[in-house]
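The values are calculated or read from the model by the stated rules, or taken from the named source; none is laboratory data. Just so it is clear, the structure is predicted and the values come from calculations on it, not from any experiment. All Cβ positions, glycine included, derive from the backbone under ideal geometry; neighbour counts span all protein chains shown. Heavy atoms of the whole protein, side chains included, go into the accessibility calculation; ligands, DNA and RNA do not. Shrake-Rupley method; radii C 1.70, N 1.55, O 1.52, S 1.80 Å.
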Amino acid sequence: MTLGNELASGSGSVMTYETLIHDHTTHQPESFELLQEWRAVLDTAANKPGREKALIVTVDTDMNTTMKYYETNGKSGATYVRMSPITNYNTNGLATHLKDRIQEVAVDDVHRKIWMLDNENLDRIASLIGDEYMKALLAVQILLPGVSSSYYGDEIAMKNGVPATPSKDPVSKLPGQKNRDAFRTPMQWSSEQPNAGFTDPTFMPWIPLGTNYKTNNVQHAKAYHSKHSIMNTFKQLVLLASNESIQFGKTVVSVLKDNNDILWMTRKAEGFSGYLVIINLGDSPFASNFKEAKISNTLMHVFHSDGDLIEGDMDLSKRAVSIAPKHVHVYKFD
């Protein structure tokens, strides 16, 4: 074992965790061996139907390294790796980024993934990218092959809050570290003071409420424009994900050749109806017959993130699919 110092990456003038190359402290061979030992113990306790257990790790690295968490030297490690379908929050070229990311990590049917847009250690996704993209990103997360795991509050697009004073996060006391209190504010259930329904009014939460809890809460989402709210979109997508082709179907993903703001994906399991997912990440409406998806011309509209469904069958040879900016459509096909 060597206990050498990690080298500076050259990305900053102040020595912080982010400005070091972590070649001595992350993704070590001993870490993979330890996972394999844990997996062996787990497998001995999970060998009966209905008693399956999973070993889950969170990894944020390139795919070659990620694969080592699943298996090295012929020995199994993690059952699932938790990762994000988005790593670049620049909305310019977002459809292409998502396509590239999904093609890199999601279409492998052997190694199981858990998709999560954010977590307790990261900025909330709604703060990074804005409310208008939340429905699109939730659709990507929930309809990809694998398991969707949502950080509390994503279903109403909760944003970063204000850290406690003094901070409750010990990591924030280290040089160059973010204060993670802002990502961990209490769930906003209602507009009720003082605790937004999170706890009894006589008890103060560990971390203060987000400043927008009076208008961004579950109660408000149910009461106002509930049919097309982010929360209702979340619920509908979860129901849609229970279909067989979303559960275990093959995945094809691309952007339209004549409009690279349009992300499309098909999910199809043999013997079951397939689904065409269309997401417009641009600023203008667009229409296409999606010939490059190579599916049947007859579609049934089963999901719309902000409008009424088209009734009856739709023939792509006679009519193009039109989609507004920042919205999601899902069509069923045989």
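Each residue was assigned an accessible area with a 1.4 Å probe, and for residue 261 the value is about 50 Å².
For the range 130-276, the antiparallel share of DSSP beta bridges with both residues in that region comes to about 100%. Among the listed pairs 159/250; 53/268; 135/318; 159/235, which are separated by more than 23 Å between their Cα atoms? In this structure, 159/250; 53/268; 135/318 lie more than 23 Å apart at Cα. The separation of the range 230-245 from the range 48-101, counted between C-alpha centres, amounts to 22 Å.
If you take the beta carbon distance between residue 296 and residue 191 as r and set R0 to 35 Å, what does 1/(1 + (r/R0)^6) give as a FRET efficiency, to the nearest 0.05?
Details: r = 47 Å, r/R0 = 1.35.
E between residue 296 and residue 191, to the nearest 0.05, is 0.15.
Here the chain carries DSSP beta bridges of which approximately 80% are antiparallel, counting only pairs with both residues inside.
Using a probe of 1.4 angstrom, how much of the accessible area of the range 1-100 is carbon and sulfur, in percent?
Values: 3400 of 6530 Å².
Ligands and nucleic acids excluded, carbon and sulfur give 52 percent.
Listed by chain and number, the lysines whose C-alpha is less than 24 Å from the C-alpha of residue 48, apart from same-chain residues fewer than 8 away, are 75, 113.
Using a Förster distance of 30 angstrom, determine the FRET efficiency expected from the C-beta separation of residue 96 and residue 31, and round it to 0.05.
Values: r = 33 Å, r/R0 = 1.10.
Computed FRET efficiency for residue 96 and residue 31: 0.35.
Taking a Cβ cut-off of under 13 Å around residue 261, the surrounding Lys, Arg, Asp and Glu residues balance to a net charge of +1, with basic ones at +1 and acidic ones at -1. For the peptides 191-198, 26-33, the ranking by mean Cβ contacts within 10 Å, running from highest to lowest, is 191-198, 26-33.
Per residue, the accessible area of the range 184-290 comes to 53 Å², computed with a 1.4 Å probe over protein heavy atoms only. In order along the range 89-104, the Karplus-derived 3J(HN,Hα) couplings, from 6.51 cos²θ - 1.76 cosθ + 1.60 at θ = phi - 60°, round to 9, 6, 6, 6, x, 5, 4, 5, 4, 4, 4, 5, 5, 5, 4, 6 Hz, and Gly and Pro are given as x.
Express the carbon and sulfur contribution to the solvent-accessible surface of the range 115-211 as a percent, rounded to the nearest whole number, probe 1.4 angstrom.
Values: 2520 of 4260 Å².
For the range 115-211, the apolar C and S fraction of the accessible surface comes to 59 percent.
Top to bottom by accessible area (1.4 Å), largest first, where do 75, 291, 268 land?
On the way: 75 120, 291 155, 268 65 Å².
Largest to smallest exposure gives the sequence 291, 75, 268.
Considering only 263, 137, 35, the Gaussian network model of the chain with Cα springs below 10 Å gives its largest mean-square fluctuation to 35.
Candidate cross-link partners of residue 168 among the aspartates and glutamates, defined by an alpha-carbon separation under 19 Å and a same-chain spacing of 8 or more, comprise 120, 123, 181. The fraction of accessible area contributed by carbon and sulfur in the range 249-304 is 48 percent, rounded to a whole number (1.4 Å probe; ligands and nucleic acids excluded).
The protection proxy used here, the mean number of other Cβ atoms lying within 10 Å of each residue, ranks peptides 85-95, 296-306 as follows, highest first: 296-306, 85-95. Among 157-166, 310-319, the peptide with the highest mean count of other Cβ atoms within 10 Å heads the list, and the full ranking is 157-166, 310-319. The distance linking the range 108-128 with the range 166-209 is 21 Å (Cα centroid to Cα centroid, whole angstrom). With all protein chains kept in place, the per residue accessible area of the range 106-179 amounts to 40 square angstrom at a probe of 1.4 angstrom.
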